[in-house]
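The values are calculated or read from the model by the stated rules, or taken from the named source; none is laboratory data. The shown structure was predicted, so the numbers you read here are calculated from the model rather than taken from an experiment. Heads up, the Cβs are rebuilt from the backbone with ideal geometry, glycines too, and the neighbour counts pull from every protein chain shown.
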């Protein structure tokens, strides 16, 4: 039987971290594996950063274990406050947000792509490299194509 402990990540390498446990006079753990969502086929990877508050499971002697997940706190609050939202924040500030019926990816520069209500909404400049095929009607208002300006509808 092991124990659950909370601590602050102090170092990382590969898929492992070392954690300092404040409830044990600042004892630093041995290298702990970071639990991952999947490691074969569809893979996911993350490693906690130094300074992150994490929950760990350690064996009875505290000689091995796993860092299970990070814990939001006053210094690092959750990016959303809803049971109906999945909100991912990337290191550069870019986000991916899923809400019922809508998925939006926004980069740090402010451009975004939203899928909602059967539409794809792009906010930002669009660059196409290759062919573009449009099936259906095209509504071009207030546009300039090859130096020719069209206004109105």
(request) Determine which single condition residue 57 fails, assuming it passes every other condition in (1) surrounded by fewer than 11 Cβ atoms within 10 Å (Cβ to Cβ); (2) in contact with a strand residue (DSSP E or B) (Cβ under 8 Å, 6 or more places away or on another chain). (result) (1)
(request) Report whether or not residue 23 is surrounded by fewer than 11 Cβ atoms within 10 Å (Cβ to Cβ) and closer than 17 Å to residue 2 by Cα. (result) yes
(message) Conditions first: (1) loosely packed, with under 14 Cβ neighbours inside 10 Å; (2) closer than 30 Å to residue 35 by Cβ; (3) not assigned by TED's automatic domain parsing to the domain that holds residue 33. Residue 147 passes all but one, so which condition is the exception?
(response) (2)
(request) Tell me, please, whether a residue that is surrounded by 10 or more Cβ atoms within 10 Å (Cβ to Cβ), part of a loop (DSSP other than H, G, I, E, B) and touching a residue at least 24 places away in the same chain (Cβ under 8 Å) can be found in the range 75-97. (result) yes
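In this structure, is residue 140 in the same structural domain as residue 83 (by TED's automatic domain parsing) and either touching a strand residue (DSSP E or B) at 6+ places or on another chain (Cβ under 9 Å) or in a loop (DSSP other than H, G, I, E, B) (or both)? Can you show your working first?
Numbers: in the same structural domain as residue 83 (by TED's automatic domain parsing): no; either touching a strand residue (DSSP E or B) at 6+ places or on another chain (Cβ under 9 Å) or in a loop (DSSP other than H, G, I, E, B) (or both): yes.
No.
Conditions tested, residue by residue: (1) over 18 Å from residue 76 (Cβ atoms); (2) free of Cβ contacts under 8 Å to residues at least 24 places away in the same chain; (3) in a loop (DSSP other than H, G, I, E, B).
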{"position": "5", "(1), (2), (3)": "yes, no, no"}
{"position": "9", "(1), (2), (3)": "no, no, no"}
{"position": "20", "(1), (2), (3)": "no, yes, no"}
{"position": "38", "(1), (2), (3)": "yes, yes, yes"}
{"position": "41", "(1), (2), (3)": "yes, yes, yes"}
